[in-house]
Structures are given as structure tokens and as C-alpha cells.
Number of protein chains: 2
Amino acid sequence: MTSPSAAQHHYPYQNEPTWSRSEKAIARKAFDAALGRELHEVIQETKKMASQIHQSSDLWDLEYYLTERRKEIDRKYDFRSSRLSDVLGRLLYENRLGEEDLRGLREEKMKSVRSFAQFLRNGAA
Amino acid sequence: MTSPSAAQHHYPYQNEPTWSRSEKAIARKAFDAALGRELHEVIQETKKMASQIHQSSDLWDLEYYLTERRKEIDRKYDFRSSRLSDVLGRLLYENRLGEEDLRGLREEKMKSVRSFAQFLRNGAA
């Protein structure tokens with residue numbers, strides 16, 4: 001007998017979409033590119049903030065900015081199969097990737113990705 | 001009747017040295033100058049680290065550096081009378097101020113300050 005907690009930690013969700021090896025490769029490439037672009041933005045903003053530090057409060061503002069960005073990036077870039085459609089949907093919603101970056105995914109995946117992006121658009125409206 | 005905890009939080013320690021108004025003014029000036037110099041160092045180091053960021057690990061190294069400096073500065077710069085001799089002693093030990101910055105303190109204070117600086121020198125040896 002499998003306890004609910006063991007199932008949660010060790011087995012995929014029942015309704016989890018199956019990502020083929022080639023789909024995972026496409027997703028990984030888009031995911032890594034978006035992450036790279038987002039990190040590049042944070043690096044540029046950090047350099048700008050640092051160049052404008054005049055007093056101690058500016059130092060701690062920079063520390064807070066970095067902590068928040070690190071937590072946000074850790075939360076957002078989650079490559080587990082069970083999360084991947086939502087993760088790609090969020091990146092689409094945030095214009096961190098385009099549908100062309102996901103070319104090659106099966107239509108069922110694209111539907112999930114678009115649907116989550118639309119859900120976020122509706123929430124932000 | 002006063003409970004130990006109330007005594008701890010609301011009354012000075014029995015053996016706490018009394019700092020006169022003029023001594024406090026001297027201590028404050030030395031304390032603020034040392035704090036200003038230390039913050040200036042952190043600002044310079046932050047600008048240097050930021051200018052050398054090339055990859056994400058450099059970002060989180062900077063975040064860690066700032067968090068550690070903030071905690072250390074918060075701990076070190078404590079202006080309560082009960083802590084002041086040790087605080088000034090530590091700043092003396094770290095060469096963040098010199099005895100000349102404390103001119104005007106009564107000899108009993110200077111003894112406490114020097115004694116704590118010596119204690120740290122012995123510990124670091």
C-alpha cells in the first residue's frame with residue numbers, strides 16, 4: 001500500500017502529461033534561454049544600482065533586490081515535468097519566450113502552455 | 001517586586017558604567033565616524049564586486065556579502081551604555097578608531113575599552 005505522502009514525493013501525478021525526450025530537449029532549450037535572459041537583466045540592473053549607491057540605504061536596497069530576484073527565479077524556473085506546462089506558460093505570459101521557441105511540442109502541450117499564459121493574462125487584467 | 005526578566009529589559013545592569021553627557025557625545029562622534037568609514041568600505045567593495053559580475057553565481061555572492069555585512073554591522077554598532085565599552089574596544093581592536101578619537105573619556109572608561117581590545121587581540125592571537 002502506498003501512503004499519500006509517498007505517492008506525492010515519489011510517483012508522478014496521475015494526470016501529469018508525459019514529455020517525450022525530444023519535447024524535453026525543446027523545453028530545456030527554451031527554458032535555459034529564458035533563464036539566461038532573465039539573469040542577464042538582473043546582472044545589468046545590479047550593475048546600475050551599484051553604480052548609483054551613495055548611502056547605506058542604497059546598499060540594503062540592493063541586497064533586498066537581489067534576495068527577491070533570487071527567490072523569484074528559484075520559484076519560477078522549475079523544470080519538473082509536472083510543472084513544466086505552467087512554467088513555460090508563465091514565461092510566455094511574461095514575454096520571456098515566444099511560441100516559436102516551443103516549436104516541436106505536441107499540440108496538447110501547446111494548449112496547456114497557452115492556457116496557463118491566458119489564465120495569468122486574465123488574472124493580471 | 002521586580003522579576004529578573006523585567007530587570008533585564010528595563011533597568012541598567014548593576015555594574016554598568018555611567019556615561020556622562022559629554023562622554024556620550026565623544027563616544028557618539030567616534031562611533032559615527034567609524035560606522036561611516038566601515039559603510040564607505042562596504043560601498044566601495046560592492047561597487048567593485050558589481051563591476052566584476054559575469055555570471056549568476058557572482059550575483060548571489062554579492063547578495064551573500066551584503067547580507068553578512070549588514071548583520072555584522074547591526075551586531076557591532078550597538079550604542080547602549082551597557083555595551084559601549086566593548087563596542088569601542090572592538091573598534092579600537094579593528095583599527096576602526098584610535099585612542100585619540102576617545103580623548104576626553106574618563107580613565108575608567110579608557111581602561112575598559114583598552115581591556116576589551118586586548119582581550120580580542122589575545123583571542124585572535
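The values are calculated or read from the model by the stated rules, or taken from the named source; none is laboratory data. None of the values given here were measured: they were computed from a predicted structure. Neighbour counts run over all protein chains shown; Cβ positions are idealised from the backbone, glycine included.
May I ask you to verify whether residue A:23 is among the acidic types (Asp, Glu), within 14 Å of chain B (Cβ to nearest Cβ) and not in a loop (DSSP other than H, G, I, E, B)?
Criteria not met by residue A:23.
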Inset, instruction - All but one of (1) touching a Phe, Trp or Tyr at 6+ places or on another chain (Cβ under 6 Å); (2) exposed (fewer than 15 other Cβ atoms within 10 Å of the Cβ) hold for residue B:120, so report the exception by its number. - result: (2)
Inset, instruction - Please state which one of A:52, A:14 is at negative phi and at pLDDT below 95. - result: A:14
Legend entry - Verdict on residue A:67 being among the β-branched types (Val, Ile, Thr), touching a residue at least 12 places away in the same chain (Cβ under 8 Å) and surrounded by 14 or more Cβ atoms within 10 Å (Cβ to Cβ): no
Inset, instruction - Only residues that are touching a Pro at 6+ places or on another chain (Cβ under 8 Å) and within 13 Å of residue B:60 (Cβ to Cβ): list them for the stretch A:28-85, please. - result: none
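Residue-wise test of (1) of a type in the set (Ser, Thr, Tyr); (2) surrounded by 15 or more Cβ atoms within 10 Å (Cβ to Cβ); (3) over 13 Å from the mean Cα position of the chain (by Cα).
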| residue | (1), (2), (3) |
| --- | --- |
| A:21 | no, no, yes |
| A:34 | no, yes, no |
| A:38 | no, yes, no |
| A:46 | yes, yes, yes |
| A:56 | yes, yes, yes |
Legend entry - the stretch B:37-89: number of residues that are under 30 Å from residue B:103 (Cβ atoms) and at the interface with another protein chain (Cβ under 9 Å from one of its Cβ atoms): 5
Legend entry - Matching helices (runs of 4 or more DSSP H) fully within the stretch B:33-125 where at least 2 residues are over 24 Å from residue B:19 (Cβ atoms): B:56-76, B:107-124
Legend entry - Which numbered condition residue B:107 fails, given (1) touching a residue at least 24 places away in the same chain (Cβ under 8 Å); (2) over 30 Å from residue A:40 (Cβ atoms): (1)
